[in-house]
Each structure stands twice: as C-alpha cells, then as structure tokens.
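A quick write-up on the structure given underneath.
The values are calculated or read from the model by the stated rules, or taken from the named source; none is laboratory data. Note that the structure is a prediction, hence the values are computed from the model and not measured. Ideal geometry is used to build each Cβ from the backbone, glycine not excepted, and the neighbour counts take in all protein chains shown. When the accessible area is computed, the model is the full protein with side chains, heavy atoms only, and any ligands, DNA or RNA have been set aside. Shrake-Rupley method; radii C 1.70, N 1.55, O 1.52, S 1.80 Å.
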Amino acid sequence: SQQGEEDPQALSIQEGENATMNCSYKTSINNLQWYRQNSGRGLVHLILIRSNEREKHSGRLRVTLDTSKKSSSLLITASRAADTASYFCATVLLNDYKLSFGAGTTVTVRA
Amino acid sequence: SQTIHQWPATLVQPVGSPLSLECTVEGTSNPNLYWYRQAAGRGLQLLFYSVGIGQISSEVPQNLSASRPQDRQFILSSKKLLLSDSGFYLCAWSVLAHQQFFGPGTRLTVL
C-alpha cells in the first residue's frame, strides 16, 4: 500500500509563479524524499529530508517536514517551463530502506 | 560516476509470451536494487528488491519474477505475460536508505 499521498493531484501555474505541493504519510519515517519525473522518463531525485530535519533548500526548491502532522511540502519558486513534470514524494520507514511512493502531483508551467 | 542502464526502452509482446528485462549498474558495489512498475498517471509500485546476489524479496504476488545473477545485474522475467503486465517498468539502485537512482525505464505493452 502507498504510504504517501500528494495534494493536489494537478497544478497549473504561470511561468514565474511559485508552485507548492503537499505530501502526507501515515507512519513514522526515517526520511522523506522528493522526485521529479518528466513524461515517459525515469525519476530524478530532488531532495532528501531526514526525520530530525524541518527544512531543506536546493536551488529554487524548498522542502519542509512536520513529523507531528506527518506531512511535507515542496515549494518551487520562480517556476520555469522546464519545471513541467510530475513530482512524487516517497518515504522510507524506520529500520527500512525501501521507498513507498505517493501517486504524484502533475505540475504544468505555462509560458 | 555511477550509471544505470535498462533495456529495451520499449517492448510490445503478445499475451502468453515470455519476458526478460535487464538492468545493470556501473560505478558502485553491492547496491540495493529495485524493480518498480508504474501504471499510466500513477505512482510507482515496488515489485522486487534485492540486497545482494541471489537475494530477492517480492513485494506483491504476481506473474513476474526477478533474479540477481551478478552484483550489479537485476533481471525481471515472466514465463507467460498477461494483459495486466503492461506498464512502465523502472529499475533503481541505492545505498541503504539513501536516495535511489533510476534507470530510463521500459515501456511494456502486452497485446
């Protein structure tokens, strides 16, 4: 069964705007990871945030983690057309190494 | 640097025919290896994972099997394909609970 659930399922924004998507999960985690998938391609790792971390940045990406609410968010600032993709959160449970993926958020950035 | 190869990129097979998808990793030793399937517009479902040569764990009962004959080779097989085996198959590797690195995927259509 899937551990994570992303919200919204789809998001359409204008180039230059920010995009925010959320992920909720059910059980305690070792870490939470965000991946991007361009249509028909493999997944690319974006950020890993550990359970004892609250926020991480990578370029235009900002990830937060709230373990008390079992939720995470991914913010893409100043979006570009190249950010058009599906974004997935995935969790690694305590004492485990397997990833459990959500169904993803499809982001469309309009020029 | 590490690279992961998957082939073929696309495959069209008749129902009842056998299947063999191959995944190889370069530039790392003793990786954890994973096979996922992705239905259209959905997240990834973990099918098999392996922590070492000859060690295969199955996540879901199905018509498929996996083998790891060498440290950096992971094979997904079926003796007789079903229509429901159609999908996008992704191989990935990781070191323990860290980020996973994905191959380019194989698009399988069973007719």
Some residue of region A:75-95 being open to solvent by 50 Å² or more (accessible area, probe 1.4 Å) and in contact with a His (Cβ under 9 Å, 6 or more places away or on another chain): no
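Condition check ((1) more than 24 Å from residue B:32 (Cβ to Cβ); (2) at the interface with chain B (Cβ under 10 Å from one of its Cβ atoms)) across all residues:
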| site | (1), (2) |
| --- | --- |
| A:27 | no, no |
| A:38 | yes, no |
| A:80 | yes, no |
| A:84 | yes, no |
| A:101 | no, yes |
Of all residues in region B:65-100 being touching a Gly at 6+ places or on another chain (Cβ under 7 Å) and charged (D, E, K, R), the one that is most open to solvent (accessible area, probe 1.4 Å): B:80
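Look at residue A:44 and say whether it is closer than 16 Å to residue B:38 by Cβ and modelled with pLDDT of 95 or more. I'd like the intermediate steps shown before the answer.
Details: closer than 16 Å to residue B:38 by Cβ: yes; modelled with pLDDT of 95 or more: yes.
So residue A:44 fits the description; yes.
Looking only at region A:1-46, count how many residues are assigned to a loop (DSSP other than H, G, I, E, B) and open to solvent by 30 Å² or more (accessible area, probe 1.4 Å). I'd like the intermediate steps shown before the answer.
Within region A:1-46, the subset assigned to a loop (DSSP other than H, G, I, E, B) is A:1-4, A:8-9, A:15-18, A:25-28, A:38-42.
Narrowing the set further to residues that are open to solvent by 30 Å² or more (accessible area, probe 1.4 Å) leaves A:1-2, A:8-9, A:15-18, A:26-28, A:38-41.
Within region A:1-46, residues that are assigned to a loop (DSSP other than H, G, I, E, B) and open to solvent by 30 Å² or more (accessible area, probe 1.4 Å) number 15.
Here is a yes/no grid of residues against (1) of a type outside the set (Lys, Arg); (2) within 14 Å of chain A (Cβ to nearest Cβ); (3) more than 10 Å from the chain's Cα centre (by Cα):
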| site | (1), (2), (3) |
| --- | --- |
| B:55 | yes, yes, yes |
| B:59 | yes, yes, yes |
| B:82 | yes, no, yes |
| B:88 | yes, yes, no |
| B:95 | yes, yes, yes |
| B:101 | yes, yes, yes |
| B:104 | yes, yes, yes |
| B:107 | no, yes, yes |
